[in-house]
Amino acid sequence: MSASPISAPRGRFISLEGGEGAGKSTLLAGLREFIGQHGIELVQAREPGGTPLGEAVRAIVLDPTQRALCAEAELLLMFASRAQLVRTVIEPALRAGQWVLCDRFADASYAYQGGGRGQPEARIAELERWACAGLQPELTLLLDLPVATGRARAAGRGDADRIETETDAFFERVRASYRARAAAEPARFRVIDASQSPAAVLQAACAALAVLLAGTPS
């Protein structure tokens, strides 16, 4: 009787969160290199986006001409994109033993559509249960910095998208929501001072990832 094949250990799921101008793109590049140095196969995703449907949603949500898009429609679009990403990209990768590094996940909806747009937390939580099917990152890296600093950085990136044209008050609510979620779930979140140099931010993020690496079967 032949032995049953040994399935690969489930991969690890990491999300990266933060407000505008927090430096997520720069950090993602450094994290990809750090994870690759450990011989781990990595799948990178982004929200909204990551699938053909998600990229179409991203184009709508960020289009500065879509001023009539209401908060409820925005929230539903975000979770439509997320549901597709979970089922066609993230879960298959995790089952195959790959690590997934996602630029934003459900926490972003609590911050932007909840804190920023005023959508009820209970509504977002119900959508999360349905769309994400219980999936949550093992580690969430939150890049935190003052709104004024982030907006000054973002201003140098070219034309502002629909979200970037929001008011300072909107982004203050987004930041407060992120910080509240991090305080409520300290075991999952690692809050990183994004006003530091990119090298210091990467060092702090890699230290958090090292904890996951230490618990990963070789």
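Since every read-out is calculated from the coordinates, none of them should be taken as a lab result. Here the structure is a predicted model, which is why all the values come from computation and not from measurement. As a convention, Cβ positions derive from the backbone with ideal geometry for all residues, glycine included, and neighbour counts pool all protein chains shown.
Ala187 fulfils the conditions (1) of a type outside the set (Lys, Arg); (2) part of a loop (DSSP other than H, G, I, E, B); (3) touching a His at 6+ places or on another chain (Cβ under 8 Å) except for a single criterion, (3). Within region 95-129, the residues that satisfy the criterion of being crowded, with 19+ Cβ neighbours inside 10 Å and among the acidic types (Asp, Glu) are Asp103, Asp107, Glu128.
Among the residues of region 75-102, write down those that are in contact with a helix residue (DSSP H, G or I) (Cβ under 6 Å, 6 or more places away or on another chain) and among the charged types (D, E, K, R). Answer for region 75-102, where residues must be in contact with a helix residue (DSSP H, G or I) (Cβ under 6 Å, 6 or more places away or on another chain) and among the charged types (D, E, K, R): just Arg82.
Yes or no, residue by residue, for (1) farther than 30 Å from Gln196 by Cα; (2) in contact (Cβ under 8 Å) with a residue 60 or more places away in the chain:
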| residue | (1), (2) |
| --- | --- |
| Phe13 | no, yes |
| Gly39 | no, no |
| Val57 | yes, no |
| Phe79 | yes, no |
| Ala96 | yes, yes |
| Phe105 | no, yes |
| Ala108 | no, yes |
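Residues that are under 18 Å from Gln98 (Cβ atoms) and in a strand (DSSP E or B) within region 9-39 comprise Phe13, Ile14, Ser15, Leu16, listed in sequence order. With respect to the conditions (1) in a helix (DSSP H, G or I); (2) in contact with a helix residue (DSSP H, G or I) (Cβ under 9 Å, 6 or more places away or on another chain); (3) not basic (Lys, Arg), Ala59 lacks only one, and its number is (2). Within region 40-56, track down each residue that is in a loop (DSSP other than H, G, I, E, B) and charged (D, E, K, R). Answer for region 40-56, where residues must be in a loop (DSSP other than H, G, I, E, B) and charged (D, E, K, R): Glu41, Glu47.
Listed by first and then second residue, the pairs with beta-carbon distance under 7 Å, at least 6 apart or on different chains, first residue in region 167-180 and farther than 16 Å from Thr149 by Cα and touching a residue at least 24 places away in the same chain (Cβ under 8 Å), second loosely packed, with under 15 Cβ neighbours inside 10 Å and not charged (D, E, K, R), form an empty list.
When region 50-94 is limited to residues that are of a type outside the set (A, V, I, L, M) and within 14 Å of Ser109 (Cα to Cα), the one that is surrounded by the fewest Cβ atoms within 10 Å (Cβ to Cβ) turns out to be Glu72.
Kindly provide the set of residues from region 130-159 that are aliphatic (A, V, I, L, M), outside any strand (DSSP E or B) and buried (at least 16 other Cβ atoms within 10 Å of the Cβ), ordered by number. Ala131, Leu135, Leu145, Val147, Ala154, listed by residue number. Quick check on my filter: what residues within region 185-199 are surrounded by 12 or more Cβ atoms within 10 Å (Cβ to Cβ) and small (Gly, Ala, Ser)? Result: Ala194, Ser195.
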